Amino acid sequence: MKRTLIRQVHLLDPAQGLDGPGSVLIEGTRLHSVALEDMDPAEADVVVDGEGKYLLPGLVDLHAHLREPGGEVKETLDSGAKAALHGGFTTVVAMPNTDPPVDRPELLRALRARVRMLKGPDILFAACISQGRSGKALSEILLLRDAGAVAFTDDGDWVRDGHLFYQVMTYSAAFGFPVLSHAQDPSLYREGVAHEGPRSRKLGLPGIPRSSETVAVFRDLEIARETGGYLHIQHVSAAETLSLIQDARAQGVRVTAEVTPHHLLWTDEVLETFDPVYKVNPPLREERDRETLRQALREGHLEAVATDHAPHTTFEKTTDWLVAPFGILGLETALSSLWTYLVKPGLLSFSRLVEALTSAPARILGLKDRGTLRPGYRADLVLFDPEAQWEVLPENLYSRSRNTPLLGTTLSGVIRRVWVAGEEVFPFP
Amino acid sequence: MQRGRLTSRHLLGLETLPREDIELILKTAEAFWDVLHQPIPKLPTLRGRTILNLFFEPSTRTKASFDLAAKRLSADLVSISRATSSVTKGESLLDTLKNLESMRIDLVVVRHRAPGIPHLLARYTHAAVINAGDGAHEHPTQALLDLFTLQRVWQTLEGKTVAIVGDILHSRVARSNVYGLTRMGARVLLVGPPPLVPKDLALVEGVEVAYDVEKVLPEVDAWMALRVQKERLEGSFFGSDREYFLTYGLTRERASRMKPDSLILHPGPVNWGVELEEGIESVRKTLILSQVTHGVAVRMALLYLLVPPAEEVAA
């Protein structure tokens, strides 16, 4: 079997507390040995010098919209896979709100067969809780699980029907998969397009109040408490949501939560630009929300960072604020933007950021073969150059879409190489 | 007349418009008001200059007012009205942005249902841009004509109390008037049913929010009623238009308890029997029709001040 040695590199694996110079030997698809010391290059067929760079476990994204089938003009599994690798993601969970939605085992099997043809990250699939994402009838949860669904969600919409949500949570309790909740009560925001607060009032934009999130989270938590199911709250945006989650967790409710890079980076101040590139759901809220999210990420109350990578065409995103679709790209810029704007200025430790992008999401998905650098685990690895810079220009992105507010900016932190199951898949040949 | 200059190339809103600019606009409007009352109410001032009226949202009076203002100044006028469906909206906006650049327009008057569209246009075109209403955000020309109307009666707005009454939440007229009135020294009260007057809509320090009409009546020098969109609000923001009329409408009886020389304004069109009771003009002075005629003078002033001088365009 082929052996690749990566040596003289800074190993960072928060799950085991590894943080220092060392080396990693890959054998075939798996990690053979990991050590905070040098290894003999003679042992390997290929030797990579990692001087001045970090070696991280491959990143795991809990939340990406890869748009296939139905939205191929925005993204495909191929372009999404490339974008993921460019951003250091070796595992990506694709959301099922496609057209048609992933609510049948036949479609899920077909998509997984597509993915196996791609040389790229491990693309996993979440399936719909309800048939057609209509929120009315339960989908074939067990058949979808057998077909490979790693989680269930009606992402894009909250499951308004409490009975339906209760049922899927009993399945979760019995089989252990996470239920990912887009927790937002639509009756509390109706036509809303921006965080409801002084700024949306001033600009005349219909608001989405914090209560639309907290009300939904509270119901979900109570159902998780009663059923014993595993609840994962997607893209937390409001400060008050954190105390609900922390209280429930302290009382034994099985709940985890994610935060997106954009909710960590921006606030509703950007509404003043009227540029719909910032239009996202849940909305960018106020400074106190952003600060609470950052604090909760530091302290681990928000376990994971998930991109909510949501590609849209430039055509759709350069219209007016009311009709532009919600969503911001995330796969390609998550690590470097958070490195640049949170880690470098000392607002977040790199170790905590990497944990939130690797072992934490792997644990949420119940994936026991990745997220950390242990012998026998999948050789999913990222070589990260912390000093280099790159420009977020259209020609530097692999996504089919360009809807990121970071376009035109320069970020620190470049992903030099990516291995998936022992094979070097980035840079692209 | 000596042409003064505004501090901005565009009129996007009153939020940041300095008081000196407002004063210059009102002073210029006064001069055009006189012109409008001459036997031939037309000037050659903007001959050869091109103005584009771009109305993405239906409008009768604002558009007519801008049309007339442009014609009274002898400008060439192109009008595009497109009540777009939400499906085609994106298309028309992008196209418009691109086409504008190639049409050599001097000034664009734009109305759109979405906040911020005039601001985006201003960013992408070389023409001067006037906001004729962007969603629920701002309607600066309406507020300026309201200021003009009040100032013509009062000479100064300093120390006067103006109540803006009704659906503040969805009103661009209210937002622009809050900025304009306060900047000119008036005290502003926002009055209406609680869901339509959220406290954080007191956009400027000192602006007060009141929910009890009876308490504010004796204090106000002007009652500015806003149009209530019954279809949209009834059963959701208040119970019925009857309830609205009885609680926030200006009845003849209520008007009689206002100061004797107080004024009544309304941006139109009035829902009689909802915002105002019929016959109100026999109780207190209403300025509703003068608001309309003042609108032409104010818009002439804005076109005059904002169309760039020919020599600049040539250069």
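Points worth noting:
- Of all the residues in the range B:110-121, those that are surrounded by fewer than 21 Cβ atoms within 10 Å (Cβ to Cβ) and more than 7 Å from chain A (Cβ to nearest Cβ) number 0.
- Screening the candidates B:Pro193, B:Pro218 for the property of being open to solvent by 40 Å² or more (accessible area, probe 1.4 Å) and more than 10 Å from every other protein chain (Cβ to nearest Cβ) yields one hit, B:Pro218.
- Residues that are open to solvent by 60 Å² or more (accessible area, probe 1.4 Å) and closer than 21 Å to A:Val305 by Cα number at least 1 in the following helices (runs of 4 or more DSSP H) confined to the range A:77-178: A:77-86.
- Verdict on A:Thr358 being open to solvent by less than 30 Å² (accessible area, probe 1.4 Å), more than 14 Å from every other protein chain (Cβ to nearest Cβ) and in contact with a helix residue (DSSP H, G or I) (Cβ under 6 Å, 6 or more places away or on another chain): no
- Conditions (1) part of a loop (DSSP other than H, G, I, E, B); (2) open to solvent by less than 10 Å² (accessible area, probe 1.4 Å); (3) within 14 Å of chain B (Cβ to nearest Cβ); number of the one not met by A:Val236: (3)
- Selection of the range A:41-57 for residues being of a type in the set (Val, Ile, Thr) and open to solvent by 90 Å² or more (accessible area, probe 1.4 Å) yields an empty set.
- Residue within the range B:265-279 that is of a type in the set (Phe, Trp, Tyr) and in the same structural domain as B:Thr149 (by TED's automatic domain parsing) present: yes
- Selection count, the range A:340-355, where residues are touching a Pro at 6+ places or on another chain (Cβ under 7 Å) and buried (at least 21 other Cβ atoms within 10 Å of the Cβ): 2
- Residue satisfying all of: in the range B:229-264; acidic (Asp, Glu) and outside any loop (DSSP other than H, G, I, E, B); most open to solvent (accessible area, probe 1.4 Å) among these: B:Glu231
Here's the yes/no breakdown for (1) open to solvent by less than 20 Å² (accessible area, probe 1.4 Å); (2) in the same structural domain as A:Glu191 (by TED's automatic domain parsing); (3) assigned to a helix (DSSP H, G or I); (4) of a type outside the set (D, E, K, R):
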site: A:Thr214; (1), (2), (3), (4): no, yes, yes, yes
site: A:Val217; (1), (2), (3), (4): yes, yes, yes, yes
site: A:Glu222; (1), (2), (3), (4): no, yes, yes, no
site: A:Glu240; (1), (2), (3), (4): no, yes, yes, no
site: A:Leu244; (1), (2), (3), (4): no, yes, yes, yes
site: A:Asp247; (1), (2), (3), (4): no, yes, yes, no
site: A:Ala257; (1), (2), (3), (4): yes, yes, no, yes
site: A:His262; (1), (2), (3), (4): yes, yes, yes, yes
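- Flag if A:Thr318 is within 14 Å of chain B (Cβ to nearest Cβ) and either of a type in the set (Val, Ile, Thr) or surrounded by fewer than 19 Cβ atoms within 10 Å (Cβ to Cβ) (or both): yes
- Test: A:Arg285 is touching a strand residue (DSSP E or B) at 6+ places or on another chain (Cβ under 6 Å) and in a loop (DSSP other than H, G, I, E, B): yes
- Qualifying positions in the range A:254-285 - within 14 Å of chain B (Cβ to nearest Cβ) and hydroxyl-bearing (Ser, Thr, Tyr): A:Thr273, A:Tyr278
- So A:Arg249, is it in contact (Cβ under 8 Å) with a residue 60 or more places away in the chain and either in contact with a Leu (Cβ under 6 Å, 6 or more places away or on another chain) or within 15 Å of A:Leu302 (Cβ to Cβ) (or both): no
- The number of residues in the range B:252-291 being farther than 16 Å from B:Val173 by Cα, charged (D, E, K, R) and touching a Leu at 6+ places or on another chain (Cβ under 8 Å) comes to 5.
- Residue match in the range B:16-32 (condition: at pLDDT 95 or above, open to solvent by 40 Å² or more (accessible area, probe 1.4 Å), out of contact with any helix residue (DSSP H, G or I) (no Cβ under 9 Å at 6 or more places or on another chain) and closer than 22 Å to B:Thr293 by Cα): yes
- Residues (within 14 Å of chain B (Cβ to nearest Cβ) and touching a residue at least 24 places away in the same chain (Cβ under 8 Å)) located in the range A:286-315: A:Glu286, A:His312, A:Thr313, A:Thr314
- Filter pass, A:Pro276 being crowded, with 24+ Cβ neighbours inside 10 Å and in contact with a Phe, Trp or Tyr (Cβ under 6 Å, 6 or more places away or on another chain): yes
For every residue, the table says whether it meets (1) at pLDDT 95 or above; (2) more than 24 Å from the chain's Cα centre (by Cα); (3) under 17 Å from A:Lys279 (Cβ atoms); (4) within 13 Å of chain B (Cβ to nearest Cβ).
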{"site": "A:Ala174", "(1), (2), (3), (4)": "yes, yes, no, no"}
{"site": "A:Pro178", "(1), (2), (3), (4)": "yes, no, no, no"}
{"site": "A:His182", "(1), (2), (3), (4)": "yes, no, yes, no"}
{"site": "A:Asp185", "(1), (2), (3), (4)": "yes, no, no, no"}
{"site": "A:Tyr189", "(1), (2), (3), (4)": "no, yes, yes, no"}
{"site": "A:Glu196", "(1), (2), (3), (4)": "yes, yes, yes, yes"}
{"site": "A:Leu203", "(1), (2), (3), (4)": "yes, yes, yes, yes"}
{"site": "A:Ser212", "(1), (2), (3), (4)": "yes, no, yes, no"}
{"site": "A:Val217", "(1), (2), (3), (4)": "yes, no, no, no"}
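- For the range A:321-355, a tally of residues being in contact with a Phe, Trp or Tyr (Cβ under 7 Å, 6 or more places away or on another chain) and within 14 Å of another protein chain (Cβ to nearest Cβ) returns 1.
- When residues of the range B:196-214 are limited to those that are of a type in the set (Val, Ile, Thr) and in contact with a strand residue (DSSP E or B) (Cβ under 6 Å, 6 or more places away or on another chain), the one least open to solvent (accessible area, probe 1.4 Å): B:Val197
- Cβ pairs under 6 Å, 6+ apart, first in the range B:163-176 and within 14 Å of chain A (Cβ to nearest Cβ), second assigned to a helix (DSSP H, G or I) and open to solvent by 10 Å² or more (accessible area, probe 1.4 Å): B:Val173/B:Gln142
- Residue within the range A:155-169 that is more than 27 Å from A:Asn403 (Cα to Cα) and among the polar types (S, T, N, Q) present: yes
- Pick from the range B:265-308, criterion of a type in the set (Val, Ile, Thr), assigned to a loop (DSSP other than H, G, I, E, B) and over 18 Å from the mean Cα position of the chain (by Cα), ranking: nearest to B:Val220 (Cα to Cα): B:Val283
- Of all residues making up the range A:288-315, the number that are part of a helix (DSSP H, G or I) and open to solvent by 20 Å² or more (accessible area, probe 1.4 Å): 10
- Scanning the range B:125-141 for residues that are more than 14 Å from chain A (Cβ to nearest Cβ) and under 15 Å from the mean Cα position of the chain (by Cα) returns B:Ile130, B:Ala132, B:Thr141.
The values are calculated or read from the model by the stated rules, or taken from the named source; none is laboratory data. Everything numeric in this text was worked out from a predicted model, so none of it was measured. Because the Cβ atoms are built from the backbone with ideal geometry, glycine has one as well, and the counts that use them run over all protein chains shown. In case anyone asks, the SASA skips ligands and DNA or RNA and just uses the protein heavy atoms, side chains included. Shrake-Rupley method; radii C 1.70, N 1.55, O 1.52, S 1.80 Å.
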